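These notes are about the structure you will find just below.
The values are calculated or read from the model by the stated rules, or taken from the named source; none is laboratory data. Because the structure is a prediction, the values reported are computed rather than measured. Glycine also receives a Cβ, built like all others from the backbone with ideal geometry; neighbour counts cover every protein chain displayed. Side chains are part of the model used for accessible areas, which takes the heavy atoms of the whole protein and leaves out ligands, DNA and RNA. Shrake-Rupley method; radii C 1.70, N 1.55, O 1.52, S 1.80 Å.
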Amino acid sequence: MTMEPRWRLVAIYARVSTDEQSVDQQVAALRRWIGDRAAHVEVFSETESATKARPVLEGLLRRARLREFDAIVVVKFDRFARSARELVMWLDEARDLGVDFLSMGEALDTSTPMGRAVYQILAAVAELERNMISERTRARLAYLKAHGVKLGRKPIAVDMRRARRLVRDGLSSRALARALGISKGTAWRVQAAVRAAG
């Protein structure tokens with residue numbers, strides 16, 4: 001008696017981090033690992049070494065949000081996400097969509113009780129990482145403030161005498177911004193201040 005496949009359609013995502021690597025090995029290993037648990041497999045390969053843009057992954061995620069896949073399979077977490085936080089954000093979304101996530105390297109399968117437990121641990125680690133970064137940032141800002149360092153953007157110097165004349169001449173905020181070399185938002189605030197002062 002043959003068993004029914006567990007998933008109707010599985011998306012394999014493979015990515016290289018250097019030009020010397022090939023996605024073929026990743027895909028072949030993942031196909032073997034999935035075996036007959038999937039009725040159909042669709043492969044998404046990111047062949048360019050990407051620092052920011054990953055168009056193939058974005059396309060996969062768009063289709064996952066349309067619930068086209070039952071599961072997404074990767075060879076390792078770091079092929080899919082750049083940080084624990086990014087991984088957990090996607091795992092949260094996948095859970096809400098009803099899409100299983102499998103990582104061969106970490107033996108994670110969110111459709112199993114053990115996989116769900118690992119996911120909870122990852123979520124806790126990501127939360128800890130977020131809190132530690134936030135604490136360090138607050139401590140650094142407090143230190144700088146205590147030592148007299150002014151925080152935030154430097155105030156923009158505006159020639160108010162010229163600004164008053166230009167506003168009284170009826171210049172729009174856009175024309176005022178061009179004339180004074182400031183942003184439209186700053187020009188609008190200058191214009192409002194001049195009009196309020198009469």
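Using 0.36 nm per residue, how much length does the chain from L141 to W188 gain when fully extended, once their Cα-Cα distance is taken away?
Working: separation 47, 0.36 × 47 = 16.92 nm, distance 3.06 nm.
Full-extension gain reported as 13.9 nm.
Which value, to two decimals, describes the C-alpha radius of gyration of the range 141-198 once divided by 2.2 N^0.38 Å?
1.46
Roughly to the nearest percent, how much of the accessible area of the chain is carbon and sulfur, given a 1.4 Å probe? Mind showing how you got there, number by number?
Numbers: 7100 of 13060 Å².
Taking all protein chains in place, the chain shows 54 percent carbon and sulfur surface.
Quick one: work out Rg over Rh on the C-alpha atoms of the range 67-119, Rh as Kirkwood radius. Kindly include the intermediate steps, with their values, before the conclusion.
On the way: Rg = 10.1 Å, Rh = 11.0 Å.
Value, to two decimals: 0.92.
Hand me the tally of lysine pairs in the chain: alpha carbons under 27 angstrom apart, and the pair either on different chains or 8 or more positions apart. Mind showing how you got there, number by number?
Working: K52/K76; K145/K154; K150/K184; K154/K184.
So the count of such lysine pairs works out to 4.
Where the Cα atoms of the range 96-194 are projected onto their three principal axes, how long is each span, largest first, in whole Å?
Taking max minus min along each principal axis of the Cα atoms, the range 96-194 gives 72, 40, 21 Å.
Please state, as a whole number in µm²/s, the translational diffusion coefficient that the Stokes-Einstein equation yields for the chain at 25 °C and 0.890 mPa s, with Rh defined as the Kirkwood radius across alpha carbon pairs. Provide the component values of the computation, followed by the final result.
On the way: Rh = 21.4 Å.
Calculated translational D: 115 µm²/s.
Hey, what did the range 37-193 get for relative contact order, percent, Cα under 8 Å, at least 6 apart?
Dividing the mean separation by the residue count of the range 37-193 yields 13 percent.
For the chain, what does the helix formula give at 222 nm: sum of -39500 (n - 2.57) over DSSP H segments with n ≥ 4, over the residue count, nearest 500 deg cm²/dmol? Provide the component values of the computation, followed by the final result.
Numbers: 8 runs with 106 residues, N = 198.
Value at 222 nm, helices only: -17000 deg cm²/dmol.
Looking at the chain, what % of its DSSP beta bridges pair antiparallel, to the nearest 5?
Working: 2 of 17 bridges.
Antiparallel bridges: around 10 percent, rounded to the nearest 5.
Say R0 is 35 Å: what FRET efficiency, to the nearest 0.05, do D36 and E86 get from their beta-carbon distance? Present the calculation step by step, with values, prior to reporting the outcome.
Details: r = 31 Å, r/R0 = 0.90.
With a Förster radius of 35 Å, E is 0.65.
Cβ under 15 Å from R8's Cβ, R8 left aside: what net charge do those residues give with Lys, Arg +1 and Asp, Glu -1?
Values: positive: R6, R37, R63, R67; negative: E4, D36, E42, E68, D70, D100.
The answer is -2.
Between S172 and L97, what is the label-to-label distance in nm when each label sits 7 Å out along the Cα-to-Cβ direction?
It is 4.3 nm.
If the elastic network links every pair of Cα atoms under 10 Å, which of L60, L151, L180 fluctuates the most in the Gaussian network model of the chain?
Per the Cα network of the chain with a 10 Å cutoff, L180 tops the list.
How are the alpha carbon pair distances in the range 24-118 distributed across 5 Å bins from zero to the largest one, expressed in percent?
3, 12, 24, 28, 23, 9, 2, 0
Just to be sure I understand: with springs between alpha-carbon atoms less than 10 Å apart, which residue in V149, V16, V41 has the highest mean-square fluctuation in the Gaussian network model of the chain?
Comparing V149, V16, V41 in the GNM, the peak value goes to V149.
With labels modelled as points extended 7 Å from the Cα through the Cβ direction, what inter-label distance (nm, one decimal) is found for R65 paired with D24?
3.5
Please get the size of the charge dipole for the range 48-166, origin at its Cα centre, with Cβ charges of +1 on Lys and Arg and -1 on Asp and Glu, quoted in debye to the nearest 20. Don't skip to the answer; put the middle values down first.
Numbers: 24 positive and 16 negative charges, 321 e Å.
Dipole about the Cα centre, nearest 20: 1540 debye.
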